[in-house]
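Visitor: I have a structure here, written as C-alpha cells, and I will follow up with some questions on it.
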Amino acid sequence: MVLNEAVHNSISSKGLSTLPRDLSSVRLERLNTMINLLRSKRGYSKQELMDRLEIGCNRTFERDMELLRDRFHVEVHYDTSKKKYYCTDTGMLELHLSLTQEEMTAVAAGLKMAAHFLPHLQHGSDTSWDKIKQFVPAGILHEGEKLSSAAVVSLPVSPLDSHVFQQLIDFINLKQPAKVTYASPYKGNEPKKRTLFPWGVYFQSHAWYLWAASPEHPEGATWRVSRVLSCEPANAEWLAPPPDVTVEQYAGTAWFASPGELKYDITLHLFPPLSHIVAETQWHPTQKIEEQADGSIIYTAKVPDLEEVARWAMSCAPHIKVVGPKELVTRVEGLATSFYNK
C-alpha cells in the first residue's frame, strides 16, 4: 500500500490541521472506507457497498469508483460470475489528517531517523518529508529536524547495501530460503556462499543483524547484515523458527549483539563513579542491581554469551571486579594479559 499524504494545512492556536484541497472530508472518509471493504477477500456487490457507505444513487457510486481508479490508481476489479467488486492494489490514497504541533514534530523526527536507521527506506523517507515540509511551519520543521539530527549523530549505523537489506526483508516475509555471500571478519576467511533461512532482523549496538538458521545452525544464529555482500533465492526446504519465539524476544536476550539461550549467570561488582552510571542504564532485561553502603553496586544478570561481557568489563576498568562465573573471570584475565603479550 502506497500512501501519498497530501497535507494542506491551516494553523490555529490548537495545532496543525491538514485539509484536503479539492475533496470534502466526508468523501475522503467514504473512499477510505470503500478501499478497506474492497481489500477483504469476500468481495462486495454494488448494492452491498452502497448500503454500507450510505450512497443514495448510482451516479455517486460510479463517480467514487471512477475517482479511485483514475486519480488514486486503485485497482478495482469486478467479477461478473460472482457480481462482486474486489481490490487488488490500493494505489495512492489522499489522507485527511489532523495533527498537533507535537505530533508533527514527531513525524519530522521520525522520518529523518527512519532514513538513518532503515536504509531501505531512505528514498521513501526523504520523498515523504519533501512533500510534507512544504505545508509545515518553519518552527516545527526546525524543532523536528534538530531532535532527529541529535539522535542520529549519537547513534551511528554501520553502512550496508540497501538492496540486500530489502531482499532479506522480502525473504523473511515470503519465508524464502536465501543463498548469500557472507564476508566473515576473521583473518584468512574469504567471502563464501551460505544457505540461510531468514527469520527476522534487528538493530543492536550500531548495526543491523539477521536472525536466521543455516544447515550448520538449524536452531538459528546471528549474522551481521553489513557483511552480506549478495543475496538470491535458494532452492531449499524452509526451516521454521522456534515456535512462539519472536525476533524481539530473541534480540532481547543479547548483551550487545549476540543473543541466544540464557545460560550464564554473571556477577559484577562495580565501584563509584562507574557504579552510578551503570545503574542508570538497562543493559540487559534480566539484570538486578543491589546498592552497597559504599556507593558500589552488585550487578547480576543471565546472558547467552560471555565474550561480549568480558570485553565490556575490560572497558570498565579499573572500577569493576568480575566475581563470576569462573569462566568469565578467566576470559577477562586472558584479555588483560594479551595487552602485554602483543
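Readers should treat all values here as calculations from the given coordinates under stated rules, not as data from a laboratory. Computed from a prediction, not measured in an experiment: that's the story for all the values here. Cβ atoms come from the backbone with ideal geometry, glycine included; neighbour counts cover every protein chain shown.
Visitor: Which aspartates and glutamates, if any, have their Cα less than 13 Å from the Cα of K131, not counting same-chain residues under 8 positions apart?
Guide: Partners found: E5, E94.
Visitor: Please give the FRET efficiency for K146 paired with I169, using the beta carbon to beta carbon distance and R0 = 25 Å, rounded to the nearest 0.05.
Guide: E between K146 and I169, to the nearest 0.05, is 0.25.
Visitor: Which whole-Hz couplings ³J(HN,Hα) result when phi for each residue of the range 306-318 is put into the Karplus expression 6.51 cos²θ - 1.76 cosθ + 1.60, θ = phi - 60°, listed in order with x for Gly and Pro?
Guide: 8, 4, 5, 5, 4, 5, 5, 4, 4, 6, 8, 4, x
Visitor: Too long at a 18 Å Cα-Cα cut-off: which of K288/K321; K112/K133; K263/K326; K112/K175; K41/K175?
Guide: Details: K288/K321 16 Å; K112/K133 12 Å; K263/K326 14 Å; K112/K175 30 Å; K41/K175 22 Å.
Over 18 Å apart, Cα to Cα: K112/K175; K41/K175.
Visitor: Taking amide H positions as placed in the peptide plane 1.01 Å from N, state which residues far from Y264 in sequence (5 or more) or on other chains have amide H under 5 Å from it.
Guide: Those qualifying (amide H under 5 Å, at least 5 residues apart or on another chain) are V303.
Visitor: On a straight-distance basis, which lysines could pair with K179 in a cross-link, Cα separation under 27 angstrom, same-chain partners fewer than 8 positions away excluded?
Guide: Correct list for K179: K187, K192, K193.
Visitor: Give the lysines reachable from K46 as a straight Cα distance under 25 Å; neighbours fewer than 8 places away on the same chain don't count.
Guide: K82, K83, K84
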